[in-house]
Amino acid sequence: AGGDLTAMAGDGPYGGHLARRRYLELLEAVQESGRPVIAAVNGAALGGGFGLVLACDLAVAADTATLGTPEVKIGLFPMMVAGKLIRHLGPKQALELALTGEKISAERALALGLVNRVVPAADLIEVSLGLASSLAALSPAVLRLGREAVYTAADMEYRQSLRYLHAMLSVNAM
């Protein structure tokens with residue numbers, strides 16, 4: 001669901017710079033894992049929990065899930081989550097979610113491209129594990145190369161990304 005927002009605002013055992021640093025390290029670990037990471041979202045994925053969903057490569061959400069960044073309502077801007085929101089949505093949509101603290105439904109998250117699939121809650125684990133099994137049957141080396149290429153290209157200017165992806169296709173074909 002995310003952290004205790006009241007505690008996160010302070011410097012107690014669940015707040016403070018060190019705890020926020022650990023969250024940053026978690027987001028980096030997901031990004032640098034080299035393997036596809038799938039989120040299975042059931043219930044509320046708010047604040048840091050929402051950021052973790054956004055950090056995953058794929059996300060399957062139960063039809064009853066809610067997502068959002070409510071921390072702004074207690075005086076915290078979702079700084080690290082905003083980094084992922086910008087990449088998923090662009091500044092205007094990212095700012096709307098971050099500035100309003102609005103909780104959105106799984107269906108709205110799907111429409112915005114924040115999750116890949118919405119399924120009945122009773123099917124969430126089965127569908128998520130099925131997706132994981134289908135990926136596990138593929139070449140880990142190809143998945144790693146492709147995953148890294150997509151994230152690298154996403155931060156490049158379009159023509160530069162095409163040249164980079166062209167080179168990566170040659171690496172992949174070797």
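The values are calculated or read from the model by the stated rules, or taken from the named source; none is laboratory data. This structure is a prediction, so every number in the text was calculated from the model and none was measured. Every residue, glycine among them, receives a Cβ derived from its backbone with ideal geometry; neighbour counts consider all protein chains shown. Accessible surface is based on the protein model in full, side chains and every heavy atom, while ligands, DNA and RNA are left aside. Shrake-Rupley method; radii C 1.70, N 1.55, O 1.52, S 1.80 Å.
Picking from residues in region 161-174 that are more than 24 Å from Ala55 (Cα to Cα) and in a helix (DSSP H, G or I), the one that is modelled with the lowest pLDDT is Ala173. Can you confirm whether Ser134 is out of contact with any Gly (no Cβ under 8 Å at 6 or more places or on another chain), part of a helix (DSSP H, G or I), in contact (Cβ under 8 Å) with a residue 24 or more places away in the chain and open to solvent by less than 90 Å² (accessible area, probe 1.4 Å)? No, not satisfied. Residues that are assigned to a helix (DSSP H, G or I), within 19 Å of Arg35 (Cα to Cα) and open to solvent by 50 Å² or more (accessible area, probe 1.4 Å) within region 137-160 comprise Pro140, Ala141, Val142, Arg144, Glu148, Val150, Tyr151, Thr152, Ala154, listed in sequence order. Scanning region 86-115 for residues that are closer than 13 Å to Ala45 by Cβ, hydrophobic (A, V, I, L, M, F, W, C) and outside any loop (DSSP other than H, G, I, E, B) gives Leu97, Ile104, Ala106, Ala109.
The residues of region 23-51 that are under 19 Å from Arg147 (Cβ atoms) and open to solvent by 20 Å² or more (accessible area, probe 1.4 Å), listed by number, are Leu26, Leu27, Glu28, Ala29, Gln31, Glu32, Ser33, Arg35, Pro36, Val37, Ile38, Ala40.
Hey, could you check region 134-174 for residues that are acidic (Asp, Glu) and in contact with a helix residue (DSSP H, G or I) (Cβ under 9 Å, 6 or more places away or on another chain) and say which is nearest to His88 (Cα to Cα)? Reasoning before the result, please.
If we filter region 134-174 for residues that are acidic (Asp, Glu), which is where we start, we get 148, 155, 157.
Add one more test, that the residue is in contact with a helix residue (DSSP H, G or I) (Cβ under 9 Å, 6 or more places away or on another chain), and what stays is 148, 155.
Values: Glu148: 16, Asp155: 12 Å.
If we take residues in region 134-174 being acidic (Asp, Glu) and in contact with a helix residue (DSSP H, G or I) (Cβ under 9 Å, 6 or more places away or on another chain), then Asp155 is nearest to His88 (Cα to Cα).
Select, from Val118, Val60, the only residue that is in contact with a Leu (Cβ under 9 Å, 6 or more places away or on another chain) and either open to solvent by 10 Å² or more (accessible area, probe 1.4 Å) or closer than 22 Å to Met156 by Cα (or both).
Details: Val60 fails: either open to solvent by 10 Å² or more (accessible area, probe 1.4 Å) or closer than 22 Å to Met156 by Cα (or both).
Testing whether each residue is in contact with a Leu (Cβ under 9 Å, 6 or more places away or on another chain) and either open to solvent by 10 Å² or more (accessible area, probe 1.4 Å) or closer than 22 Å to Met156 by Cα (or both) leaves just Val118.
Just to be sure I understand the filter: pairs with C-beta atoms under 9 Å, separated by 6 or more residues or on different chains, first member in region 71-98 and free of Cβ contacts under 8 Å to residues at least 40 places away in the same chain, second member open to solvent by 30 Å² or more (accessible area, probe 1.4 Å) and aromatic (Phe, Trp, Tyr). Which pairs pass? Once the first residue is free of Cβ contacts under 8 Å to residues at least 40 places away in the same chain and sits in region 71-98, its partners that are open to solvent by 30 Å² or more (accessible area, probe 1.4 Å) and aromatic (Phe, Trp, Tyr) give Ala98/Phe77.
Residue count for region 66-87 under the criterion of being hydroxyl-bearing (Ser, Thr, Tyr) and in contact with a strand residue (DSSP E or B) (Cβ under 6 Å, 6 or more places away or on another chain): the result is 1. Cβ-Cβ contacts under 8 Å between residues 6 or more apart (or on different chains), taken from a first residue in region 150-174 that is free of Cβ contacts under 8 Å to residues at least 60 places away in the same chain to a second residue that is surrounded by fewer than 13 Cβ atoms within 10 Å (Cβ to Cβ), are listed as Ser161/Ala154; Asn172/Val142.
Taking region 52-73 as the range and being farther than 22 Å from Arg144 by Cα and small (Gly, Ala, Ser) as the test, the residues that pass are Ala61, Ala62, Ala65, Gly68.
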